[in-house]
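Each remark here refers to the structure printed beneath this line.
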Amino acid sequence: MSIPAYQEMMTPLARLLADGSDWRWVDVKDAVAEQLSISDADRQEMLPSGRQATFDNRVGWAATYLAQAGLLERPQRGVLRIADRGREALTSGATIDNTFLRQYAEFQDFKSRGRLDTESDTSDVTSTGTPEETLEAAYKTLHAELADQIAERVRSCTPRFFEQVVVKLLVAMGYGGSLADAGQAVGRSGDDGIDGIIKEDRLGLDVVYVQAKRWTNTVGRPDIQAFAGSLMGYGASKGVFITTSRFSGEAREYVRRIDKRIVLIDGEELAGYMIDYGVGVTEVASYSARRLDQDFFDEAV
């Protein structure tokens, strides 16, 4: 039989986890395949890129969407568990698909981060977008999910590893000189945070004060005021404040009104920069989209 679409795997997946146990991802795939009578031969079918099995990809996206909607939980890496919302969905008797999941604000927020301004949506079987729009929307969806995964891992990493993440990202962005230079300049300062002075360029013509907090609570205006006050003591006029959480509106407004140049990077932006600069991520596939060169063919007329 053909491999079901990922939306068709959502209800079977939720039913599988309805026993309330913690399921390892490898066991989930085997159980779903058995439940849907997917043969070993079908499970070997690969995506066009040849990088991943089609079945694994589809059941993986089914799990991702259910988790983003709050129907499933991920208590630890590689483990799935049904949530109370998932039990309620099964009790309702409704078919769980993207249409059903849109009733949840968390799912709508997730989808909005991976959607174009048009109404095209690659999560649906039928899309009204052009091929170019569909490709772009798919990229944005993959980017949003990857950013969520990165943010989750960074928040749970050790202080020492968090320091390494910040140093490598700053160097990748062109600050701090070499890894060795930046590593010596930026170090742990306690309070689940790091700080230091780094070169703004490789020559060290100017410096930037860096503070990074591996926090879950919102960074408020008092924290940024204290950071701004520290700039003078460190002989710096520019600062970067990085957090794994978020900044309050008052904190962002304060930065806009003061004369010191301070850049605020929250958890979502941190994950985005890590993707853009290749820190903590690896490329699994690359596609080159081409279009007709109209100027070239105009010469033949």
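The values are calculated or read from the model by the stated rules, or taken from the named source; none is laboratory data. Since the structure is predicted, the reported quantities are computational estimates derived from the model, not experimental observations. Here Cβ is always computed from backbone atoms with ideal geometry, including for glycine, and neighbour counts include all displayed protein chains. Ligands, DNA and RNA are stripped out before the accessible areas are found, and what is left, the full protein with its side chains, is counted by its heavy atoms. Shrake-Rupley method; radii C 1.70, N 1.55, O 1.52, S 1.80 Å.
Please work out if G249 is open to solvent by 30 Å² or more (accessible area, probe 1.4 Å) and modelled with pLDDT of 95 or more. Yes; evaluated as a whole, the condition is true for this residue. Which one of these does L116 not meet: (1) at pLDDT below 75; (2) of a type outside the set (K, R); (3) part of a helix (DSSP H, G or I)? The one condition L116 does not meet is (3).
Scanning segment 231-246 for residues that are open to solvent by less than 40 Å² (accessible area, probe 1.4 Å) and more than 23 Å from E269 (Cα to Cα) yields one hit, A236.
All of (1) touching a helix residue (DSSP H, G or I) at 6+ places or on another chain (Cβ under 8 Å); (2) assigned to a strand (DSSP E or B) hold for V208 with one exception: (1). Scan segment 206-219 for residues that are in contact with a strand residue (DSSP E or B) (Cβ under 8 Å, 6 or more places away or on another chain) and either farther than 18 Å from L231 by Cα or surrounded by fewer than 16 Cβ atoms within 10 Å (Cβ to Cβ) (or both) and jot them down. Correct list: D206, R214, W215, T218.
This table checks each residue for (1) more than 25 Å from R153 (Cβ to Cβ); (2) free of Cβ contacts under 8 Å to residues at least 60 places away in the same chain.
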{"residue": "P12", "(1), (2)": "yes, yes"}
{"residue": "L66", "(1), (2)": "no, yes"}
{"residue": "R81", "(1), (2)": "no, no"}
{"residue": "R87", "(1), (2)": "yes, no"}
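Of all residues in segment 143-162, those that are crowded, with 16+ Cβ neighbours inside 10 Å have Cβ atoms under 6 Å from Cβ atoms of residues that are outside any helix (DSSP H, G or I) and modelled with pLDDT under 90, 6 or more apart or on another chain, in A144/R113; A144/G114. Residues that are farther than 21 Å from Y139 by Cβ and open to solvent by 100 Å² or more (accessible area, probe 1.4 Å): does segment 262-269 have at least one? No, because not a single residue in segment 262-269 is farther than 21 Å from Y139 by Cβ and open to solvent by 100 Å² or more (accessible area, probe 1.4 Å).
Being out of contact with any strand residue (DSSP E or B) (no Cβ under 8 Å at 6 or more places or on another chain) and without any contact (Cβ under 8 Å) to a residue 24 or more places away in the chain is a property that does not hold for Q225.
When restricted to residues that are out of contact with any strand residue (DSSP E or B) (no Cβ under 7 Å at 6 or more places or on another chain), outside any loop (DSSP other than H, G, I, E, B) and among the hydrophobic types (A, V, I, L, M, F, W, C), segment 1-28 contains 5.
For (1) among the acidic types (D, E); (2) in a helix (DSSP H, G or I); (3) crowded, with 19+ Cβ neighbours inside 10 Å, each residue gets a yes or a no:
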residue	(1), (2), (3)
D30	yes, yes, no
I38	no, no, yes
A41	no, yes, no
F55	no, yes, yes
V59	no, yes, yes
A63	no, yes, yes
R77	no, no, no
R87	no, yes, no
T91	no, yes, no
